[in-house]
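Input: a single structure, listed below in structure tokens.
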Amino acid sequence: MEGNTRLPAAVVPSLNPDGRLKTTVEGLLAAGFSCVVLVDDGSRPETKGCFQELARLPQVILLTHKVNRGKGAALKTAFTWLLAHQPGGAGVVTVDGDGQHRPEDALACAQRMLEEERVVLGCRDFSLPEVPARSRRGNRITSAVFRIFCGMRVSDTQTGLRAIPRRYLETLTGVSGERYEYETNMLLVMKDAHIPCTEVKIRTVYLEENRGSHFHPVRDSWRIYRLILTHFFRYALSSAVSAATDTGLFGLLSFLLAGLLTGTALTAAATLTARLLSSVLNFSLNRWFVFQVRGPLVLSLVRYYSLALPLLLAQLLLTEGVFQVARVGDRQTLLRTVIYAAVMAVLFVGSYVIQHRWVFAEDLTERKTPQ
């Protein structure tokens, strides 16, 4: 098959390759890719021959790091080169050089990208029996953490097969991360920058239980989860500020109204007023700082208070219920405030999950598979 100049360039980062790199590159050329950017990420001298042989092909561009810098750095080196030397290019398809990505899958991702002008993730099926147990567990955990803490539903968070339109390439070149955490950070930046993506089902290939992978289970996993938790920190900070405001107002109002009201009436008055004021602050922080939503303000407000009102009722009933069970004096402001804060903490995680999945949700990922 002759090269197709309309296809995006294929980017293949590699470290200490074996014969599978040659098979990968030749397969991409046979599939119709007319440009393959190969990155030698500081490989050992005895493996250089493979790079030199492939560099003799007219469709292959070889870029070299003198020392190993990591997969993320290798990808960004290729992206930077393409932005500078192929200004009219369609974009890129990133492909691992260890034989895990089939040329036809890379082609399918490239074609979907050209059709829809969005990032395309080539996602594996981790339910298949041939998938190594550690890979299956790792992906399930990471995907669940992504959904809970980042609000993104991605079935294969660590896929290396990604088609990226040129219009987003400059943004993703500036993403932080030098090693495997770069691919995770790319997804987080895509969410914040409102870059749409879709998924294409690809064949799941594991060679020799994935022994050829350069992924370090402890070091690289820590880098990835640190990014995810850092992303979640914004919500925690917003919630902490709002909770402190809410609890402070509740304590102050409980003290000021203690001479006028008692029992459930006191709890209700303090709760309603404190929550109304703090909710305005919380909504503003979550919309513009945490989830960075660009959608209609009214829709977000309606959804937010559709969640806030049931939570307010739960807060009121649980606070008063625990306070009555404690069987203490009716006007003990300090204990009432402590119970109020404890109930708020219990409702914290549930509120977050609903907010990022519904209140401030934007449908950035469409799951589709080739026909």
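Structure above, values below:
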{"quantity": "Phe79 touching an Asp or Glu at 6+ places or on another chain (Cβ under 9 Å), surrounded by fewer than 22 Cβ atoms within 10 Å (Cβ to Cβ) and touching a residue at least 60 places away in the same chain (Cβ under 8 Å)", "calculated": "no"}
{"quantity": "Residues of segment 89-125 that turn out to be within 12 Å of Lys201 (Cβ to Cβ), in contact with a Ser or Thr (Cβ under 7 Å, 6 or more places away or on another chain) and not in a strand (DSSP E or B), as a count", "calculated": "3"}
{"quantity": "Cβ-Cβ under 6 Å pairs, at least 6 apart or on other chains, segment 32-61 side closer than 14 Å to Val12 by Cα, far side among the small types (Gly, Ala, Ser) and in a helix (DSSP H, G or I)", "calculated": "Val37/Ala78; Val39/Ala74; Val39/Ala78; Asp41/Ala74"}
{"quantity": "First in segment 151-176 and assigned by TED's automatic domain parsing to the domain that holds Ala108, second anywhere and basic (Lys, Arg) and not in a strand (DSSP E or B), Cβ under 6 Å, 6 or more apart", "calculated": "Met152/Lys191; Arg153/Arg147; Asp156/Arg124; Thr173/Lys76"}
{"quantity": "Enumerated strands (runs of 3 or more DSSP E) restricted to segment 1-68, each holding at least 3 residues that are farther than 17 Å from Ala163 by Cβ", "calculated": "36-41, 60-65"}
{"quantity": "Among (1) aromatic (Phe, Trp, Tyr); (2) at pLDDT below 75; (3) assigned by TED's automatic domain parsing to the domain that holds Asn68 - the single one Tyr182 does not satisfy", "calculated": "(2)"}
{"quantity": "Which numbered condition Met190 fails, given (1) farther than 20 Å from Phe33 by Cβ; (2) in contact with an Asp or Glu (Cβ under 9 Å, 6 or more places away or on another chain); (3) at pLDDT 85 or above", "calculated": "(2)"}
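The values are calculated or read from the model by the stated rules, or taken from the named source; none is laboratory data. What you are looking at is a predicted structure, and each value in this text was computed from that prediction instead of being measured. Quick reminder, even Gly has a Cβ in these numbers, built from the backbone with ideal geometry, and neighbours come from all protein chains shown.
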